[in-house]
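Down below is the structure, laid out as structure tokens.
The values are calculated or read from the model by the stated rules, or taken from the named source; none is laboratory data. Here the structure is a predicted model, which is why all the values come from computation and not from measurement. Note that each Cβ is placed from the backbone with ideal geometry, even for glycine, and that neighbours are counted across all protein chains shown. To get the accessible areas, we keep the full protein, side chains included, count just its heavy atoms, and leave off ligands, DNA and RNA. Shrake-Rupley method; radii C 1.70, N 1.55, O 1.52, S 1.80 Å.
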Amino acid sequence: MTTRTFPKDFYWGSAASAEQTEGNQHGTKVKTIWDHWYDLEPNRFFDEVGPSETSDFYHRYKEDIKNMKDFGHNSFRLSLSWARLLDESGQVNQEAVSFYNDVIDTLIAHDIEPFVNLFHFDMPMHLQEQGGFESRAVVDQFVDYAKTAFSLFSDRVKVWFTFNEPIVPVEGGYLYDFHYPNVVDAKRAFQVAYHTMIAHKKVCAHYHAHYDGKIGIILNLTPSYPRSQHPSDLKASHICDLFFNRSFLDPAVKGEYPEDLINLLKDYDHLPKTEPGDKALLKDNPIDFLGVNYYQPRRVKAKAHTPHPDSPFLPDWFFDNYEMPGRKMNVYRGWEIYEKGIYDIMINLRDNYDNIDCFISENGMGVQNEERFIKDGRIEDDYRIDFIHGHLTWLHRAIEEGCHVKGYHLWTFMDNWSWANAYKNRYGFFSVDLKTKNRTAKKSAYWFKQLTETNRLTK
Ligand code: BG6
């Protein structure tokens, strides 16, 4: 039997987001792009289930936090809802303040460190109407929202994140049509990406000037493995890495964009607009802590065909996705499972990003129809245990090889509403009965409890 011991004070827990768990309780918050898109096109959501109810964390957080404690959490990442905290005129919603205060206090009372994220795909609709992150004015509104959140909660919250997976609203909303506003326009996409980074930096600058905790960003890093060592495949994977990893990782950690990315966008006349002072802002405000979300690798090959000159310019002009024969799949989500990817990401951070302090902020496995696996009232999710075990084995090796990994959070604590996939795939340690909202621990929750109590992974 092999035993792997994790460092003392390792952060064990899970992650969730406001829009996916709170429920919107019309009247207590303003509409987000998700409420709006669901009103317009409910057919874009699996089984036409929208964001209004979710798992009702808003009313059940005390029970949920107690469960977190009972099942081995010493930390938990949640996000605040911008649309809940501030109304359309920017006034603070006192009901929201009471709610978040109580959530934070309850976590702390259970010795669970709150990791608080400010933005998880949930742009308030009235700000989207003003241009969303295409608009510099909305960037400033985001900074005001962050300042408000810090002034209200940073006496107790010491670990903050600005954005979760900031590239996803860019991909979904402005390149590939899987988030509102369903635009396909790379120029606008790159402007949104750039402004998101400017917003992140402005918030970091404010935080570092006034507070003494840690602030970071959460990035979904997907290694871009080339099909082969052929120079054309290597070039395809390099460009893919520039677009999908380094476009946020480099400015967040190194304070500048990769030269190759700038040159490529210049060649295609797709550079975003910048303002005087941006360069210094980007350079001067590195993060303290990086969250890494990892679900799947990306495999790419050189393009087989020249893109049609009239088709919209997209990152995919430079690579094709590659389906490696024999790859292991999560067939429900259509994502490859490649545990070693987590190790490769960490080694890259160690060797090329100054071994920045980081943690796994999301990793997990969404499975459809989990009721199939119920035995004696409990979902026997051995596949999830295997999934976590496999990733932790590689993560442990990265730690042994000197990577500064400080924790592991599963996505997610309890089954939640998952954007356009709604409740198709379930990810939680706890299942949620959508009618009664009752929560039941799955087998993986018991397994995780034992892991975190001993701090040891055994097999
Ligand atoms: C991450 C997001 O990308 O993946 C979560 O941060 C999301 O919000 C999770 O729920 C799982 O993805 P999906 O599309 O299966 O819900």
**Item:** Cut-off 11 Å between beta-carbons: net charge of the residues surrounding Ala16, Lys and Arg +1, Asp and Glu -1
**Value:** -4
**Request:** For the chain, build the charge dipole from Cβ charges (+1 Lys, Arg; -1 Asp, Glu) around the Cα centre, then report which of Phe45, Trp12, Ala398 sits farthest towards its positive end.
**Result:** Ala398
**Estimated FRET transfer efficiency (Ala280, Arg327; beta-carbon r; R0 45 Å; 0.05)** = 0.55
**Request:** Take the Cα gyration tensor of the stretch 96-208, multiply each eigenvalue by 5, square-root it, and list the three semi-axes largest first, rounded to whole angstrom.
**Result:** 29, 15, 12
**Request:** Please state, as a whole number in µm²/s, the translational diffusion coefficient that the Stokes-Einstein equation yields for the chain at 4 °C and 1.567 mPa s, with Rh defined as the Kirkwood radius across alpha carbon pairs.
**Result:** 57
**Request:** Run the accessible area of the stretch 1-96 with a 1.4 Å probe and give the carbon-and-sulfur part as a rounded percent.
**Result:** 48
**Message:** Whole angstrom only: what separates the Cα centroid of the stretch 75-148 from the Cα centroid of the stretch 37-65?
**Reply:** 18
**Solvent-accessible surface ranking, highest first, for Lys69, Lys328 at 1.4 angstrom** = Lys328, Lys69
**Phi to ³J(HN,Hα) by Karplus 6.51 cos²θ - 1.76 cosθ + 1.60 over the stretch 294-305, Hz, x for Gly, Pro** = 9, 10, 8, x, 10, 10, 9, 9, 4, 5, 7, 10
**Complete:** With all protein chains in place and a 1.4 Å probe, Asp47 shows an accessible area in Å² (nearest 10) of 120
**Message:** Let me understand the stretch 205-260 better: what is its radius of gyration from the alpha carbons, and its Dmax, in angstrom?
**Reply:** 15.4, 50
**Message:** Order 339-347, 189-197 from most to least packed using the mean count of other Cβ atoms within 10 Å.
**Reply:** 189-197, 339-347
**Request:** Compare the peptides 421-428, 447-454 by average per-residue count of other Cβ atoms within 10 angstrom and give them in order, highest first.
**Result:** 421-428, 447-454
**Asked** Hey, what does the equivalent ellipsoid look like for the stretch 351-459, semi-axes from the Cα gyration tensor as sqrt of 5 times each eigenvalue, largest first, whole Å?
**Response** 29, 16, 11
**Fill in**
Probe 1.4 Å, all chains present, heavy atoms only: Lys62 accessible area in Å², nearest 10, is 110
**Message:** Nearest 5 percent is fine: what portion of the DSSP beta bridges confined to the stretch 342-459 is antiparallel?
**Reply:** 70
**Asked** Of Leu221, His238, Val253, which is farthest on the positive side of the dipole of the stretch 143-270, counting Cα position, with +1 on Lys and Arg Cβ, -1 on Asp and Glu Cβ, and the Cα centre as origin?
**Response** Val253
**Asked** Cα gyration tensor of the stretch 260-396, axes a ≥ b ≥ c as square roots of the eigenvalues: rounded (a/c below 1.5), prolate (a/b > b/c) or oblate?
**Response** oblate
**Item:** With every protein chain in place, the stretch 351-395: carbon and sulfur % of accessible area (1.4 Å)
**Value:** 43
**Request:** Find the centroid of the Cα atoms in the stretch 179-196 and in the stretch 392-459, then give the distance between the two in whole Å.
**Result:** 32
**Message:** How much accessible area per residue does the chain have, counting only protein heavy atoms and a probe of 1.4 Å, in square angstrom?
**Reply:** 40
**Request:** Grab the beta carbon distance between Ala209 and Lys340, set R0 = 30 Å, and tell me the FRET efficiency rounded to 0.05.
**Result:** 0.15
**Asked** Taking 0.36 nm per intervening residue step and subtracting the Cα-Cα distance, what contour gain separates Ser98 from Thr458 on full extension?
**Response** 125.4 nm
**Prompt:** Magnitude of the Cβ-charge dipole of the chain, K/R +1 and D/E -1, about the Cα centre, nearest 20 debye?
**Reply:** 1140
**Message:** I want the antiparallel fraction of DSSP beta bridges within the chain, as a percent rounded to 5.
**Reply:** 30
